[in-house]
Amino acid sequence: MIRAAILLAGVAMAPTLAAAQVGCLPPEKPFAYAPPEGDPELRDLIDQQYQDYIDGTEDYLNCLNDEAMRARTEFQVIFNRYVEYFGDGAGIAFEAID
């Protein structure tokens, strides 16, 4: 019985552990230098770095939003379980800010 509970807990935690390892990675920032007027190839390279950063930032922010939504949903499920288990005895301890 105890083995089954441990196995079930391990299986239930696997997706959470996998998701925590991936995370949201910010894009690489472009180097801050002004593109020279007389070198079109270098200007194109610098422009591409900025375009990549802008595209990467959009993906990064979407990832953060998705992770925040996942965390809120997970919290709500666990909090509801806590209230179910402890009923009127369930409470949240916090320190008052003076």
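Kindly indicate whether any position in the range 50-73 is of a type in the set (A, V, I, L, M), outside any helix (DSSP H, G or I) and either modelled with pLDDT of 95 or more or over 30 Å from LYS29 (Cα atoms) (or both). No - not one qualifying residue is present in the range 50-73. Taking the criterion of being open to solvent by 80 Å² or more (accessible area, probe 1.4 Å), hydrophobic (A, V, I, L, M, F, W, C) and touching a residue at least 12 places away in the same chain (Cβ under 8 Å), no residue of the range 50-88 qualifies. The criterion of being loosely packed, with under 11 Cβ neighbours inside 10 Å and at pLDDT below 85 holds for GLY91.
For the range 74-98, enumerate the residues that are of a type in the set (A, V, I, L, M) and in a loop (DSSP other than H, G, I, E, B). Within the range 74-98, ALA90, ILE92, ALA93, ALA96, ILE97 meet the criteria.
The values are calculated or read from the model by the stated rules, or taken from the named source; none is laboratory data. The shown structure was predicted, so the numbers you read here are calculated from the model rather than taken from an experiment. Cβ coordinates were reconstructed from backbone atoms using ideal geometry, including for glycine residues, and neighbour counts include every protein chain displayed. The area values use the complete protein model at the heavy-atom level, side chains included, leaving out ligands, DNA and RNA. Shrake-Rupley method; radii C 1.70, N 1.55, O 1.52, S 1.80 Å.
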